[in-house]
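J.: Mind looking over this structure? Questions follow.
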Amino acid sequence: MQASQLHRGSHMAKRLCYQPLQEVDACYFSQFQSLGRQLYSNVGNQRAHFNFQDIGDQYCTLESSSGSHGYAAHNSTSTVTFSPNASPVSQQDSRSNPSDQHNSPDNTYGSSVSGSSITDDISDFRHKLLELETVMLGPDSDVIYSFDSIYQEGTDNPEMGTWGQVMDAAITKGNLKKILIACAKAVSDNDALMAQWLMDELRKMVSVCGEPMQRLGAYMLEGLVARLASSGSCIYKSLRCKEPARAELLSYMHLLYEVCPYFKFGYMSANGAIAEAMKDEDRVHIIDFQISQGAQWVTLIQAFAGRPGGPPHIRITGIDDPASAYARGGGLDIVGKRLSKLAKLFNVPFEFHSAAISGCDVQQKNLGIRRGEALAVNFAFMLHHMPDESVSTENHRDRLLRLVKGLSPKVVTLVEQESNTNTAAFFPRFIETLDYYNAMFESIDVTLPRQHKERINIEQHCLAREVVNILACEGAERVERHELLGKWRLRFDMAGFTPYPLSSLVNATIKTLLDNYSNRYRLEEREGALYLGWMNRDLVASCAWK
């Protein structure tokens, strides 16, 4: 790379940092806001201080069905689910769904009462527990709970003569994580009686105001209840709480964006790749396959505004399902007006093209391709919502990648959660979800107090529904289908893409961003991709292709 290019790239990388704007809609730029506490963002040599008004006092608590006669099935009036990137999963509402018996062999239960009940015979019961332990042993042995040892201790005590007392001893000596896993195994085995007994115990252990595992456990319990209650085409798969008002929902998403660096990391890394690829282009067309609020493009427009030689003409095509208007407070025209206002403020030539359409329905004619424009395509926290070959014969993940490759883009950016829940059967999917979201809940815990109502709200409205969707739903109704970056690499390779290395200058900028957060966050570069994690768990991966 020539010296002039290095200087230009360094200049743009520095401008990719988040900066406050005085004349643009404050509610829109969530990176400069904080809720319920004071957060700071560095701006040059000064510190900008922001406050945000408190959200209303109303927040939901979990009210799972209880009793010994099974769980009633309920339907929610919700019409939109939210991902941890604070973007709406617009394909779904909270209605019931049929089980997909072809794609999930362990989802073939037909009623809330299992055909195999627990006997009072201690010998049979011990055999049942040994079988449970044997199945659970393996790759997840670090979280396995030995019921046999509890049985031995229980039967040595002459006062413990029933299986219920034996299980009481198991609960007493166990921990929440292990009991959750035991309950998930019972649900996986269609053992409704055992599952319901464990659910009653779990309700005493979970709390939306407790430690991270207690809070996550409350939502995972909801997912287990929802899955167990499935009967035919009826499934109780949503949290039974009032849908938040539009302004409140935006506040929850803003707070989640502010307290966790995961989404800033994803947006900054993608923007850095785009800025690097377009540093010499006069006309730039960016296609964002899930534009949501459009906040990702704030810093990129600012960076282009300061580019040596002047900014290019920028055109953004924003794709988003029409149902996402709920979270925005209106259609895509709102995003276009806000970004246009920002571009005008920075004297950047700008156009906005809206495509209010689901990703599954996108065709080339929807993308507004023009000759003479350098093309960048952004897949940020979006592709995992597309059904693949395990769900649909159309395989929209690979279809979209082939479609984009045919457009000859200069760069394609991918940001996804580093989790493996797409084709996994229910029980290993439960283990993976427990591990992934426990790390995320722990990271939130270091930023917001446990009694903070806003924290409760963002976990319920931005994270819990995703957890419930992963655990309770199958087939097309399960839209949260994450894949590890290794699988995404294979998909991009098959579509004809080659890796586009991320700029080391942008990597350094992201490392600076992390200095404002807990030192338990870690950033690693492996095989041309960036991974952001919490302690020893990777949570978000970012890479670029051409």
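J.: Would you be able to tell me the number of residues in segment 258-308 that are at pLDDT 95 or above and of a type in the set (D, E, K, R)?
T.: Of the residues in segment 258-308, 4 are at pLDDT 95 or above and of a type in the set (D, E, K, R).
J.: If you check V391 against the conditions, is it in contact (Cβ under 8 Å) with a residue 12 or more places away in the chain and not in a loop (DSSP other than H, G, I, E, B)? If you could, list the steps in order and put the result at the bottom.
T.: Numbers: in contact (Cβ under 8 Å) with a residue 12 or more places away in the chain: yes; not in a loop (DSSP other than H, G, I, E, B): no.
So V391 does not fit the description; no.
J.: Please verify whether segment 375-382 includes one or more residues that are in a loop (DSSP other than H, G, I, E, B) and out of contact with any helix residue (DSSP H, G or I) (no Cβ under 7 Å at 6 or more places or on another chain). Spell out the reasoning first.
T.: First, pick out the residues of segment 375-382 that are in a loop (DSSP other than H, G, I, E, B): 381-382.
Restricting the remaining residues to those that are out of contact with any helix residue (DSSP H, G or I) (no Cβ under 7 Å at 6 or more places or on another chain) gives none.
Within segment 375-382, none of the residues are in a loop (DSSP other than H, G, I, E, B) and out of contact with any helix residue (DSSP H, G or I) (no Cβ under 7 Å at 6 or more places or on another chain).
J.: Continuing with the same structure: On the basis of being crowded, with 18+ Cβ neighbours inside 10 Å, of a type in the set (V, I, T) and not in a helix (DSSP H, G or I), does I369 make the cut? Give the steps one after another, and end with the answer.
T.: Working: crowded, with 18+ Cβ neighbours inside 10 Å: no; of a type in the set (V, I, T): yes; not in a helix (DSSP H, G or I): yes.
It is false that I369 is crowded, with 18+ Cβ neighbours inside 10 Å, of a type in the set (V, I, T) and not in a helix (DSSP H, G or I).
J.: Of the residues that make up segment 267-281, is at least one buried (at least 24 other Cβ atoms within 10 Å of the Cβ) and among the aromatic types (F, W, Y)?
T.: So far as segment 267-281 goes, yes, one or more of its residues are buried (at least 24 other Cβ atoms within 10 Å of the Cβ) and among the aromatic types (F, W, Y).
J.: Next question. Just to be sure, is G309 open to solvent by 10 Å² or more (accessible area, probe 1.4 Å), small (G, A, S) and not in a strand (DSSP E or B)? Explain how you work it out, then say what you get.
T.: Working: open to solvent by 10 Å² or more (accessible area, probe 1.4 Å): yes; small (G, A, S): yes; not in a strand (DSSP E or B): yes.
So G309 passes the test.
J.: Okay, moving on. List the number of the failed condition for N347; all other conditions in (1) closer than 26 Å to D493 by Cα; (2) among the polar types (S, T, N, Q); (3) open to solvent by 10 Å² or more (accessible area, probe 1.4 Å) hold.
T.: Going through (1) closer than 26 Å to D493 by Cα; (2) among the polar types (S, T, N, Q); (3) open to solvent by 10 Å² or more (accessible area, probe 1.4 Å) one by one, N347 breaks only (1).
J.: Output the residue which, of all residues in segment 416-434 that are more than 12 Å from L539 (Cα to Cα) and out of contact with any Lys or Arg (no Cβ under 9 Å at 6 or more places or on another chain), is most open to solvent (accessible area, probe 1.4 Å). I'd like the intermediate steps shown before the answer.
T.: Within segment 416-434, the subset more than 12 Å from L539 (Cα to Cα) is 421-431, 434.
Subset that is out of contact with any Lys or Arg (no Cβ under 9 Å at 6 or more places or on another chain): 424-425, 428-429, 431.
Working: A424: 23, A425: 35, P428: 66, R429: 0, I431: 20 Å².
Only one residue tops the list, namely P428.
J.: Another one. Conditions: (1) open to solvent by 10 Å² or more (accessible area, probe 1.4 Å); (2) among the hydroxyl-bearing types (S, T, Y); (3) assigned to a helix (DSSP H, G or I). Y437 meets all but one. Number of the miss?
T.: Status for Y437: all satisfied but (1).
J.: In segment 193-204, is there at least one residue being open to solvent by 20 Å² or more (accessible area, probe 1.4 Å), at pLDDT 90 or above and hydrophobic (A, V, I, L, M, F, W, C)? Walk me through it before giving the result.
T.: Initially, segment 193-204 is screened for residues open to solvent by 20 Å² or more (accessible area, probe 1.4 Å), giving 193, 197, 200-201, 203-204.
Going one step further and asking which of them are at pLDDT 90 or above, we end up with 193, 197, 200-201, 203-204.
Filter once more, keeping what is hydrophobic (A, V, I, L, M, F, W, C): 193, 197.
Within segment 193-204 (the criterion being open to solvent by 20 Å² or more (accessible area, probe 1.4 Å), at pLDDT 90 or above and hydrophobic (A, V, I, L, M, F, W, C)), the answer is yes, since at least one residue qualifies.
J.: Additional query: How many residues are over 22 Å from T447 (Cβ atoms) and hydrophobic (A, V, I, L, M, F, W, C) if we restrict to segment 497-529?
T.: Looking only at that region, the number is 6.
J.: What about E442, is it open to solvent by 10 Å² or more (accessible area, probe 1.4 Å), part of a helix (DSSP H, G or I) and acidic (D, E)?
T.: On the way: open to solvent by 10 Å² or more (accessible area, probe 1.4 Å): yes; part of a helix (DSSP H, G or I): yes; acidic (D, E): yes.
So E442 passes the test.
The values are calculated or read from the model by the stated rules, or taken from the named source; none is laboratory data. All values reported here derive from a predicted model rather than from experimental measurement. When we count neighbours, we look across all protein chains shown, and the Cβ atoms used for this are built from the backbone with ideal geometry, even at glycine. We work out accessible area using only protein heavy atoms, side chains counted, and drop any ligands, DNA or RNA first. Shrake-Rupley method; radii C 1.70, N 1.55, O 1.52, S 1.80 Å.
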